[in-house]
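Notes to accompany the following structure.
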Amino acid sequence: MELDQLDQIAAAHLEGYLVRKDLVRTFARQFPVPTYVVEFLLGRYCASTDPDEIEEGLEIVQRQLESRTVRAGEEELFKARAYKNGTVKLIDLVSARFSQKDNGYVATLPSVQLNRVRINDNVVDDNERLLTGGFYAEITLEYDSLIAEEKGDAFGIKDLRPIQLSKRDVLDDLAEARKQFTSQQWKDFLLRSTGLEANVLSDRAKDANLLRMVPFVERNYNLVELGPRGTGKSHLFQQVSPYAHLISGGKATIAKMFVNNASGARGLVCQYDVVCFDEVSGISFDSKEGINIMKGYMESGEFSRGKESIRADGSMVFVGNFDVDVEHQQRVGHLFGPLPQEMRDDTAWMDRIHCYLPGWDVPKMHKELTTDHFGLVSDFFSECLSRLRFQSRVSVLQNRVHFGGALSGRDVNAVNKTVSGLLKLMYPSQDMEISDEDLEWAVRLGLEVRRRVKEQQKRVGAAEFRNTHFSYFLGDDGVEKFVATPELRSDNEIGDDPLEPGQIWTVSEGGQDIDDNPGLYRIEVNEGPGSGVKILNNPVPPAFRESVRYAEQNLYSRSMQLVGDRDPRAHEFTIQLRAFDASKKGSKLGIASLVAMCSSLLKKPVKGGLIVVGEINLGGSIEPIHSAVNIAELAVEKGASSLLMPVTCRRQLYDLSDDMATKIDIQFYQDARDALLKAIVE
């Protein structure tokens, strides 16, 4: 491997804290320990760019891992060594519990299948995490035959050394080195430190991977990531940092998560920087109270045990999988769909989520995505992230960034937390000057991931979350800039370019059925030789079929007014209705259907960015619309630049807010011919 510019800068300014990430993969899955354990040893013996020193260090690491990790079936061998030699050294996940019977603590070493190992009280007092799931450590296990004769607990822990950095002033070294990197180089270097090769990632994928690190540097940060399988969602929380704890499926109890009322033992959120729920769709709580305690904790960072209120600063991360792609998920429901029943449609729980990370922006893991270059050793990196939790960068926003009126107090808090976290990753020192470019990058990302939460709340049906037009100003005299979520503005977005002849955007105001909600549709019409109208949707929504029949009869009876000397009866029209929201009924779309058929016959496209609404009856008059304000707001949300409505809606639109009225050009039509003339491109 040749050193590139990034490697050379890192080697010159972070000597002793680097490891070649391809060396880690040499040992990955060879030994039954997580990546950060391997990196801890590599950092001790291979933190060098000299090939000879690396080779020598690799032999030592290989030897230590072979002699100290217990493979399946070797349990009795290690016990026998302790018995014969008095002690044996091993690397294991050690945990402890209080035993009333022994009037003290006993430890568990799963790899050697020992669950009653003697351990001194002062060791447990110094390492409280032993009592909440434990951690990986280098352990000297002793065997005392005299104790064995007396009461049977022959094995004891003589010495214990946690696998994490003992040095505390790590941030100074990192901050000093950061000055030598440009912002883009630093982002790439951070990604390499997690084992990813930044050069093959898109900007969106880089941003998503940097957002995954925010819970490590920001206290009480709540993040949801849902996306396709195999994108490495839980890798960072399981393999890279000892300060994170992963819960995979199963039941999450109040005692385990928060506090055990019987013993007073603090739960995971008190002991770890990040608690990650993996495969979140399979997780359930032991009681309804569990969700309520979680909601309280996610809001304030506090929970109660009897009269006592306990503060903790563990961040909460929920990761899971979509069974379908993101566009389909949006069509059939909302993006929180894969969550457990208790959380899925709870807008109060959603409101406490600071960031919805777009997991679909991250590519599936494959060999090209892993890096062979230098990155920070995991224990140094995770220690730096943990130290950054006690700083804040929110003050940077004052007088430099102002948020638009659509953000509530919780929205501002969520965006502030995301921006602070991203800026801490980018600028580990509080004294460094933060550029406008990096500040705007963090603000746009913070607004996007919070807006994604609000969009789902709106989809669930809560009217209070209706205004999701998030915006910001840079500086006191800056221009207001709006931030959208890209999955709402996909290739199906209402662009400014005219559509093909025969295609039209329309909005249904909904019908009388309980599931017939307002929604955006695109009607696509092709015409050819023959006669009649054929709707391709299977099954055909009855309400849409009725609208098309009215449109067809009006086209035949008013053909001279609408299409001149062309004879619509000598053409066959094939129609497809495409729904872009959860609503699929397609009711009251007569005028749009008529304009689309005329457009295909005249070979003239409909204007770009235009939505046409309204229903026509058999006699040719226009049916009244009852929720014109809702339709106008929906048109703005979907990115339309103009809206064509029946003139009878004019009075209703007095209730449209000034903010909305300035974002869309609303035009009115008197009858079908007027609508057609105003809709098609001259």
Which of the residues spanning the stretch 319-359 are buried (at least 19 other Cβ atoms within 10 Å of the Cβ) and of a type in the set (S, T, Y)?
-> Y356
Options A406, A414: the member that is of a type outside the set (D, E), surrounded by 21 or more Cβ atoms within 10 Å (Cβ to Cβ) and farther than 19 Å from N209 by Cβ | A414
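Conditions (1) buried (at least 22 other Cβ atoms within 10 Å of the Cβ); (2) assigned by TED's automatic domain parsing to the domain that holds P624; (3) in contact (Cβ under 8 Å) with a residue 24 or more places away in the chain; (4) out of contact with any strand residue (DSSP E or B) (no Cβ under 8 Å at 6 or more places or on another chain), marked per residue:
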site	(1), (2), (3), (4)
L520	yes, yes, yes, no
S531	no, yes, yes, no
A543	no, yes, yes, yes
F580	no, yes, yes, no
C598	yes, yes, yes, no
G608	no, yes, yes, yes
V612	yes, yes, yes, no
May I ask you to say which residue of P518, P529 is closer than 17 Å to K585 by Cβ and either modelled with pLDDT of 80 or more or out of contact with any Asp or Glu (no Cβ under 9 Å at 6 or more places or on another chain) (or both)?
-> P518
Taking the stretch 641-664 and the residues there that are in a loop (DSSP other than H, G, I, E, B) and of a type in the set (V, I, T), the one that is surrounded by the fewest Cβ atoms within 10 Å (Cβ to Cβ) would be T662
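Residues checked against (1) crowded, with 20+ Cβ neighbours inside 10 Å; (2) within 17 Å of the chain's Cα centre (by Cα); (3) farther than 26 Å from Q8 by Cβ; (4) in contact (Cβ under 8 Å) with a residue 24 or more places away in the chain:
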{"position": "A177", "(1), (2), (3), (4)": "yes, no, no, yes"}
{"position": "Q180", "(1), (2), (3), (4)": "no, no, no, yes"}
{"position": "K187", "(1), (2), (3), (4)": "yes, no, no, yes"}
{"position": "V200", "(1), (2), (3), (4)": "no, no, no, yes"}
{"position": "N209", "(1), (2), (3), (4)": "yes, yes, no, yes"}
{"position": "N220", "(1), (2), (3), (4)": "yes, yes, yes, yes"}
Could you tell me whether any residue of the stretch 542-564 is among the aliphatic types (A, V, I, L, M) and in a strand (DSSP E or B)?
-> no
Considering each of K638, K603 in turn, give the residue that is surrounded by fewer than 19 Cβ atoms within 10 Å (Cβ to Cβ) and modelled with pLDDT under 95.
-> K603
Starting from residues that are among the hydroxyl-bearing types (S, T, Y) and in contact with a helix residue (DSSP H, G or I) (Cβ under 6 Å, 6 or more places away or on another chain), keep the ones in the stretch 458-489 and report whichever is modelled with the lowest pLDDT.
-> T468
From the list T182, T108, which one is out of contact with any strand residue (DSSP E or B) (no Cβ under 7 Å at 6 or more places or on another chain) and either closer than 29 Å to V24 by Cβ or hydroxyl-bearing (S, T, Y) (or both)?
-> T182
Hey, E623 assigned by TED's automatic domain parsing to the domain that holds K638, of a type in the set (D, E) and buried (at least 21 other Cβ atoms within 10 Å of the Cβ) or not = no
Considering every residue within the stretch 267-283, establish whether at least one is within 28 Å of E368 (Cβ to Cβ) and either out of contact with any strand residue (DSSP E or B) (no Cβ under 7 Å at 6 or more places or on another chain) or acidic (D, E) (or both).
-> yes
Single residue of the stretch 500-526 satisfying the filter (closer than 18 Å to Y550 by Cα and of a type in the set (D, E)) that is farthest from the chain's Cα centre (by Cα) | E524
All strands (runs of 3 or more DSSP E) inside the stretch 281-377 with 3 or more residues being more than 20 Å from the chain's Cα centre (by Cα) = 302-305, 308-311, 374-376
Among the residues listed as E493, E433, the single one being outside the structural domain of M213 (by TED's automatic domain parsing), assigned to a loop (DSSP other than H, G, I, E, B) and either modelled with pLDDT of 90 or more or of a type in the set (D, E, K, R) (or both) | E493
Is there any pair with a first residue in the stretch 104-118 that is in contact (Cβ under 8 Å) with a residue 40 or more places away in the chain and in the same structural domain as A82 (by TED's automatic domain parsing) and a second that is among the aromatic types (F, W, Y) and not in a strand (DSSP E or B) whose Cβ atoms are under 7 Å apart and which are 6 or more apart or on different chains, and what are they?
-> V112/F78
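The values are calculated or read from the model by the stated rules, or taken from the named source; none is laboratory data. All of these numbers come straight from a predicted model, not from anything done at the bench. Counting neighbours? That spans all protein chains shown, and the Cβs are built from the backbone with ideal geometry, glycine included.
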